[in-house]
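Right, one structure below, let's go through it.
Only the coordinates and a few stated rules stand behind these numbers; no lab work does. In this text, all values refer to a predicted model and were calculated from it rather than measured experimentally. With ideal geometry, Cβ positions are generated from the backbone for all residues, glycine too; neighbour counts draw on all protein chains shown.
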């Protein structure tokens, strides 16, 4: 019961209401066959509302405000929800008569699952000319307007610049013994995802994992956030996995951190929007997704949440020019991720 | 309300079979519980009925309505199946009031506002939450949230009510209260209900019929009392709380009663569900709560195990006594306040000291089971 109460409290606290002048009903309207954002907006105004479910929607508040400034009259309701709770919520909505949410904003591994369940509507963003097709799911079941960069962050008061590793091999070296923080690699999450992507790209191999454990002797924390906090406080020198957005927010608060990507691979994680089939506000949902690929949307994503837009010539988030040009690692697919997780469970 | 007919339903996850050609019929208005440990297939079976899983073969009929038929290419969506479902996680919307949560299925079905108000009122009165209609889920207790979920499930007047471990996140007292509430509401509505649980108290307290699943198959079904008193296999016996298991030799057997030998040549008389072959081996199970311990002079006696108390432990109100005859060990749980558990002259404080020679018998309803052969049970 405690867990449930906590969940409900968190969900209420994280709910956002933006541009609160909508008048949507809970009965689903029909998606129009629009080829432009203007056509979508006309239909979306009648709906007046979008509901978005995702793990960190609270971080996107400023982005959604930018959308609302361009397209007034559409209320955006968000819920911070993910994993099994999101699964249960969507199943509950299906049984209760249809989706309450219009969009899910999640990683590609989850969109694959939801597509298999038949949850997702086919939609290709309008006015997204030039978008690489690798950022669109099969039959337009999802689309990826931005990527989140995961690399390492170190404490500048603890580690000098010449001690900072620049390759995966150096990360597993005994020179860093006891200085690296990592979230437990055994538990599904971004850390095993990063390692799976590096393994798939052959930036590391199983021997690297053995060496990392035996030589670098990392300190293991329950989560990526806990690991990074240990680096912020100086308890550890470097965090194996840090999100660029999180790093930037820490720096804004005065944390003595620098961000460094290994030359032979940094993980760019796709963050996808998927339209739920039968959601009550299909046109408003399609408008928001399309806007994310517009110049204004791409700029807003970079500015407010430090993600990397997927459109050609998308502006970089602040400070990203210092990261260099590491090899881009991508999610290797569910099967490779699962086998990596199994391997990591035998090692740690 | 509706009946359910399931034929030959099967489903695998990778190489693991989770539903192994399951067949099942549920009568209109019947309350059944699917009982079993994690991974036995009970939730997959429920979710297949709901349309949240797609089996690889077989069929599911709700009354005359084929909601899934692999050969006919039918697989209706959860929404089309017109059922109510309660989830373990409640799955409420935190940003909607209690009233709005319960009204949701009716709004989606485009029911008129006046009818929505009347039906939500009726549902919330039924779960005693009309006074909380403007509250938000986050301000309610776990039990209240589950009652909101129950009201939301019944408000569209579904033909079938599905409940997926709805009480597992509640504490013991609340659980017993909600169990009574669910049964009352189901009987009030006359709804057909399928309830998934791994908790035998839920199953015993709610169901007209309990179905025990193992490895994707229904291995036993019947009235709760029949399943709990006379399990047909060692798996079911262990799952429903039997905790003494012995290898045994069948000495003699009729259709309803058998003599078996366990441990150091001790013989017990037992009830059986069918004749066993004399000389065959079987496994016997007896509930520790249904073991009677008596002082004894050590001479062999038919129908009881004569052994020595080798250990004692206090477990809350109970005392757990372990008795050995040198080969077999029997665990007995007795409550010292109830002197009849320790009969024949009585022990000091109703507790035999370690080293005491005692006779151990199964009380009536103690059970013997065979995992691979016909089951037997005590008639002691």
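Summary table
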read-out: Alpha carbon convex hull of region B:49-158, volume per residue in cubic angstrom; value: 114
read-out: Degrees separating the helix A:61-70 axis from the principal Cα axis of chain A, which is the longest one; value: 40
read-out: Zero-based 20 Å bins, Cα pair distances in chain A, whole percents; value: 30, 56, 15, 0
read-out: C-alpha long axis of helix A:282-292 to longest principal axis of chain A, angle in °; value: 40
read-out: DSSP beta bridges in chain B [antiparallel fraction, %, rounded to 5]; value: 80
read-out: Cα centroid separation, region A:145-162 to region B:241-319 (Å); value: 68
read-out: 222 nm mean residue ellipticity, helices alone, for the protein assembly as shown (DSSP H n ≥ 4; -39,500 (n - 2.57); rounded to 500); value: -9000 deg cm²/dmol
read-out: Angstrom value of the Kirkwood radius, inverse mean 1/r, which spans all Cα pairs in region B:4-234; value: 18.2
read-out: Span from the region A:286-341 Cα centroid across to the region B:152-227 one, whole angstrom; value: 47
read-out: Highest-fluctuation residue, A:45, A:179, A:117 considered, GNM on chain A with Cα pairs under 10 Å; value: A:117
read-out: Candidates A:299, A:285, A:214, ranked by Gaussian network fluctuation over chain A, Cα under 10 Å, top entry; value: A:214
read-out: Most mobile listed residue (B:132, B:296, B:188) in chain B, GNM with C-alpha springs under 10 Å; value: B:188
read-out: Average beta-carbon neighbours from other chains, 10 Å sphere, peptide B:133-145; value: 3
read-out: Beta bridge orientation in chain A: antiparallel %, DSSP, nearest 5; value: 65
read-out: Whole-angstrom gap from region B:24-48 to region A:174-245, using each part's C-alpha centre; value: 44
read-out: Expected-Rg normalisation [2.2 N^0.38 Å, Cα atoms] applied to the protein assembly as shown; value: 1.16
read-out: Cβ-based exposure ranking for A:239, A:290, A:122, in which fewest neighbours within 10 Å come first; value: A:122, A:290, A:239
read-out: Between 0 and 90°, nearest 10: helix A:190-200 axis offset from chain A longest Cα axis; value: 70
read-out: Shielding of B:162-169 by partner chains, average beta-carbon count, 10 Å; value: 1
read-out: Stokes-Einstein D (µm²/s) once Rh is taken as the Kirkwood radius of region A:84-202 over alpha-carbon pairs, at 10 °C in 1.306 mPa s; value: 88
read-out: Length-normalised contact order for chain A - Cα pairs under 8 Å, 6+ apart - percent; value: 26
read-out: Residue B:118 versus residue B:77: modelled label distance in nm, points set 7 Å from Cα along the beta carbon direction; value: 2.9
read-out: Inter-label distance for residue B:69 and residue B:183, nm, one decimal - labels placed 7 Å from Cα along Cα-to-Cβ; value: 3.7
read-out: Residues A:89, A:338, sorted so that the one with the fewest Cβ neighbours within 10 Å comes first; value: A:338, A:89
